[in-house]
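The next block holds one structure in the form of structure tokens; read it before the comments.
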Amino acid sequence: MGNIRESEVFTLTDDNDEAHEVEVLGSLDVEGTEYVAVGLLEDIEEDTEEDIDIFFFRVEGEGELLDIQSDEEFEKVSLAFEAAFEAKE
């Protein structure tokens with residue numbers, strides 16, 4: 001899967017050209033397509049009991065992250081990651 005590894009930290013730019021540091025929480029192959037789950041680094045580093053927001057991206061080529069385009073794809077990917085994270089616990 002490209003060069004993206006779990007725990008890797010990098011910067012993503014949102015639609016408003018704001019930069020956000022994110023950490024890769026995991027990666028999965030879902031029906032032959034690679035996906036990563038990332039969280040905002042500041043949320044991950046915060047010592048709190050609150051849930052953090054997790055974002056999913058499709059991985060193309062050599063690690064290019066693309067937004068998930070449909071609700072159906074998002075649902076499929078989020079359920080797969082949820083099952084994988086629960087299996088780790």
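Scanning the stretch 14-69 for residues that are part of a strand (DSSP E or B) and either among the polar types (S, T, N, Q) or touching a Pro at 6+ places or on another chain (Cβ under 9 Å) (or both) yields a total of 2. So, of the residues in the stretch 38-54 that are without any contact (Cβ under 8 Å) to a residue 24 or more places away in the chain and of a type in the set (A, V, I, L, M, F, W, C), which turns out to be nearest to F85 (Cα to Cα)? In this case the residue turns out to be I52. Using the structure shown, decide if E21 is touching a strand residue (DSSP E or B) at 6+ places or on another chain (Cβ under 8 Å), acidic (D, E), surrounded by fewer than 16 Cβ atoms within 10 Å (Cβ to Cβ) and closer than 19 Å to I4 by Cα. When the stated conditions are applied, E21 passes them.
I'm checking my understanding of the structure. Among residues of the stretch 1-18 that are out of contact with any strand residue (DSSP E or B) (no Cβ under 8 Å at 6 or more places or on another chain) and farther than 19 Å from G61 by Cα, which one is surrounded by the most Cβ atoms within 10 Å (Cβ to Cβ)? My answer is E18. Remark: pairs (first residue in the stretch 5-25, within 14 Å of E45 (Cα to Cα) and touching a residue at least 24 places away in the same chain (Cβ under 8 Å); second residue among the acidic types (D, E) and part of a strand (DSSP E or B); Cβ separation under 9 Å; 6+ apart in sequence or on different chains) = V9/E21; V9/E23.
Yes/no matrix, rows are residues, columns are (1) among the polar types (S, T, N, Q); (2) in contact with a strand residue (DSSP E or B) (Cβ under 9 Å, 6 or more places away or on another chain); (3) surrounded by fewer than 16 Cβ atoms within 10 Å (Cβ to Cβ); (4) at pLDDT below 95:
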| position | (1), (2), (3), (4) |
| --- | --- |
| E42 | no, yes, yes, yes |
| D47 | no, no, yes, yes |
| G61 | no, no, yes, yes |
| L65 | no, yes, no, yes |
| A87 | no, no, yes, yes |
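Being in contact with an Asp or Glu (Cβ under 7 Å, 6 or more places away or on another chain) and either among the hydrophobic types (A, V, I, L, M, F, W, C) or at pLDDT 95 or above (or both) is the requirement here; does V30 meet it? Judged against the criteria, V30 is not a match. Exactly one residue out of V30, V38 is over 12 Å from the mean Cα position of the chain (by Cα) and crowded, with 16+ Cβ neighbours inside 10 Å, and it is V30. For the stretch 70-89, the tally of residues that are within 20 Å of V22 (Cα to Cα) and outside any helix (DSSP H, G or I) stands at 0.
The values are calculated or read from the model by the stated rules, or taken from the named source; none is laboratory data. Please read these numbers as outputs of a predicted model, since none were measured by experiment. For neighbour counting, all protein chains shown are included, and Cβ atoms are generated from backbone atoms with ideal geometry for every residue, glycine included.
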